[in-house]
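Scroll down for the structure; my scribbles are underneath it.
Every number in this text was worked out from the coordinates using simple rules, so none of it is lab data. Because the structure is a prediction, the values reported are computed rather than measured. Neighbour counts run over all protein chains shown; Cβ positions are idealised from the backbone, glycine included.
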Ligand SMILES: *[C@@H]1O[C@H](CO)[C@@H](O)[C@H](O)[C@H]1NC(C)=O
């Protein structure tokens with residue numbers, strides 16, 4: 001399902017060179033859900049940079065901020081995933097955490113429940129001062145308008161694990177959570193959610209007790225980060241405990257999301273294996289995008305929508321700083337997976353993985369990737385509450401803002417430089433003839449970062465714009481009636 005351009009050059013388009021080389025028709029009768037937003041997971045980068053207002057401004061506002069000498073338009077992310085840590089350095093009753101020899105220190109997240117002596121959050125078994133930097137970034141995001149919060153876990157607390165090692169089990173492919181601690185992991189997550197509701201100034205909308213649970217790379221001997229394998233039947237048990245522990249604490253409105261599998265196909269398999277009871281307790285399917293161009297996105301969408309569940313692309317990342325892979329996989333997601341939210345993994349990281357390039361260990365920022373600006377095209381324009389429409393092709397995404405009668409289209413030109421033509425003739429009113437269509441351009445790789453122009457106009461029921469090869473453009477059309 002890699003994006004392949006259908007180069008259907010019509011004779012009419014060739015005859016009038018000012019017109020388009022490629023046409024897509026936006027379908028106003030389509031409805032791919034109400035957009036919930038764009039986000040990032042906190043975890044490592046926030047634990048390193050939790051005091052940085054400039055990063056918070058860049059990610060969680062839409063104002064212009066300067067980062068490493070580069071002026072950036074804020075992404076306006078409104079979804080924040082907060083990682084309940086698994087690590088603590090204090091011993092209890094002769095036991096202490098085991099650490100993978102390959103563990104990267106900046107990827108150890110301090111957990112709140114430091115020993116098993118007491119489940120009472122006011123007891124000395126709980127350290128609510130832990131992880132202050134990540135929490136600080138959480139609050140900065142909240143103060144800037146982020147309004148959807150998810151609590152997730154990469155691994156249960158070390159002392160709940162067979163080998164006491166939050167990087168994973170000894171072989172990576174077997175469960176690490178001790179069977180007598182299934183409920184304790186649920187108590188941990190529910191207690192953090194309750195403590196946040198009482199003390200942190202917001203409620204988590206969702207809690208996910210797993211991260212890539214089917215993966216077999218969570219290995220205590222070789223792991224570089226917190227992680228934990230869970231068999232599907234173990235997931236089902238923990239989900240049941242979590243539902244009741246949330247309810248007991250007055251959080252019956254806090255939903256469970258699961259299972260944050262790495263691949264679309266694993267998510268399908270887990271969905272089919274959880275069983276009716278546990279599946280009934282999962283209100284939203286979260287999936288990660290690490291299968292990239294492969295995998296049955298549409299099958300997962302069919303399963304989730306068939307059971308009336310929301311579906312999020314809850315984690316995406318790769319090392320391509322150009323933004324090319326982000327753009328192509330995001331287009332695939334919007335066309336086949338149809339999530340109602342899309343969350344990038346680490347907003348700051350090295351090796352092309354960050355939107356902003358930084359070193360979490362050294363706590364230094366060194367630049368802004370072109371990928372940042374590619375994401376800005378989508379995240380600054382397709383906003384929460386908009387209805388996602390069928391963009392009519394594999395290179396365009398469309399969204400409609402009914403309150404403002406505004407149509408947003410984001411399109412990518414993978415081919416040679418050409419005109420892309422957008423046909424709005426199926427709308428009741430496809431914009432006002434002659435009216436300006438505002439547009440923004442980002443060049444994948446390098447070049448234009450986020451350049452605004454007002455030189456495009458509606459002509460009849462369509463408009464067009466010249467795209468360089470690998471250019472992303474966003475259009476905002478006013479006065480559109482579905
Ligand atoms: C402490 O460790 C001892 C020896 O392993 C064990 O018998 C006892 O139950 C433990 N106590 C607690 C509170 O875990």
With n ≥ 4 as the cut-off for DSSP H runs, can you work out [θ] at 222 nm for the chain, using -39500 (n - 2.57) per run divided by the number of residues, rounded to the nearest 500?
-7000 deg cm²/dmol
Considering only the stretch 270-427, what is the antiparallel percent among its DSSP beta bridges, to the nearest 5?
60 percent
Under 1.5 on a/c is rounded, so check that first for the chain, then, if it is not, pick prolate when a/b is larger than b/c and oblate when it is not; a ≥ b ≥ c are the square roots of the alpha carbon gyration tensor eigenvalues.
prolate
The chain: antiparallel bridges as % of DSSP beta bridges, rounded to 5, reads 55 percent
Enter the angle in degrees (range 0 to 90, nearest 10) between the Cα long axis of helix 182-199 and the first principal axis of the Cα atoms of the chain, meaning the one along which they spread out most.
70 degrees
Fewest first, what order do 334, 386 take by the number of other Cβ atoms within 10 Å?
386, 334
Most exposed first by the Cβ proxy, i.e. fewest other Cβ within 10 Å, how do 34, 65, 90 rank?
90, 34, 65
Can you tell me how much longer the chain between residue 451 and residue 68 gets when fully stretched, taken as 0.36 nm per residue apart minus their C-alpha distance, in nm with one decimal?
135.9 nm
Gain in span if fully extended, residue 276 to residue 482, counting 0.36 nm per residue against the direct Cα distance
70.3 nm
Take residue 198, project a point 7 Å from its Cα along the Cβ direction, then tell me which residues of the stretch 252-277 have their backbone nitrogen under 16 Å from it.
252
Packing-wise, with mean Cβ within 10 Å as the measure, how do 72-79, 41-48 rank, highest first?
41-48, 72-79
For the Cα atoms of the chain, what angle does the longest principal axis make with the long axis of helix 232-248, in degrees from 0 to 90, nearest 10?
80 degrees
Does the stretch 109-181 classify as rounded, prolate or oblate by the C-alpha gyration tensor (a ≥ b ≥ c root eigenvalues; a/c under 1.5 gives rounded; else a/b over b/c gives prolate, otherwise oblate)?
oblate
So for the stretch 31-71, using the alpha carbon gyration tensor with a ≥ b ≥ c as root eigenvalues (a/c under 1.5 gives rounded; past that, a/b versus b/c decides prolate or oblate), I'd call it oblate
Fewest to most Cβ atoms within 10 Å: 288, 185 sort as 288, 185
Share antiparallel - DSSP beta bridges, the stretch 46-188, percent rounded to 5
50 percent
